[in-house]
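The values are calculated or read from the model by the stated rules, or taken from the named source; none is laboratory data. Because the structure is a prediction, the values reported are computed rather than measured. A quick note on method: Cβ atoms are made from the backbone with ideal geometry, for glycine too, and the neighbour counts reach across all protein chains shown. With ligands, DNA and RNA removed, areas are computed over all heavy atoms of the protein, side chains included. Shrake-Rupley method; radii C 1.70, N 1.55, O 1.52, S 1.80 Å.
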Amino acid sequence: MLVREPVIIEMIVRLAEHFNMNVATRFIRPLLAPVFSDSSVSRRISDLTDNPSELSEHGVPLDELYLQINAMAVFIKDVRTSILPNMNSMSNSGLKSVNDPQKIYRDMALSNFKSNIDLLSRYTSELFEAVEVFDKSRNPAGKSVFSKISENTETARLLQEK
């Protein structure tokens, strides 16, 4: 089943824009290399965030959307557990000279990173809930795509963790 629901597409676009503009910036991306080393997570996040405007025309398969949301939840968990606690030491090792003209932008990106991850988590949770409601409204009880994808229980748990 393809998802072309305008509300869900708008949520994906909002999530993708936030991810691209505030999370995966040129200043933060080098710190995210360990998280992006998992190729399936990286590919699914890329599928979700790279061209969201095309989704309204083509739609997205529901089962793939669940897996993409799961990948984003795994990403958020990994960032919260392995990147945020070590961010100061990781970012200091990569900083250039004090006179670097980009220093103020890098400092802003780093200081806002935790709140941007929290907002990304909220957007991902809202999308997950909306997709689940969409799925259950279109499929009879017990035959929803949600119930066929084992990762969905993990997704719900990961998005509840802080």
If you go through the range 33-54 one residue at a time, do you hit one that is open to solvent by 50 Å² or more (accessible area, probe 1.4 Å) and among the hydrophobic types (A, V, I, L, M, F, W, C)?
yes
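This table checks each residue for (1) outside any helix (DSSP H, G or I); (2) out of contact with any strand residue (DSSP E or B) (no Cβ under 9 Å at 6 or more places or on another chain); (3) free of Cβ contacts under 8 Å to residues at least 24 places away in the same chain.
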site	(1), (2), (3)
His18	no, yes, no
Thr25	yes, yes, no
Pro30	no, yes, no
Val41	no, yes, no
Arg44	no, yes, no
Leu48	no, no, no
Glu57	no, yes, yes
Leu65	no, no, no
Output the number of residues of the range 138-162 satisfying the condition of being in a helix (DSSP H, G or I), surrounded by 13 or more Cβ atoms within 10 Å (Cβ to Cβ) and among the polar types (S, T, N, Q).
3
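Here is a yes/no grid of residues against (1) open to solvent by 70 Å² or more (accessible area, probe 1.4 Å); (2) modelled with pLDDT of 95 or more:
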site	(1), (2)
Leu67	no, yes
Asn70	no, yes
Arg80	no, no
Pro85	yes, no
Ser93	yes, no
Lys103	no, no
Ser125	no, yes
Ala130	no, yes
Lys136	yes, no
Which residues, taken from the range 1-16, are of a type in the set (Val, Ile, Thr) and in a helix (DSSP H, G or I)?
Val7, Ile8, Ile9, Ile12, Val13
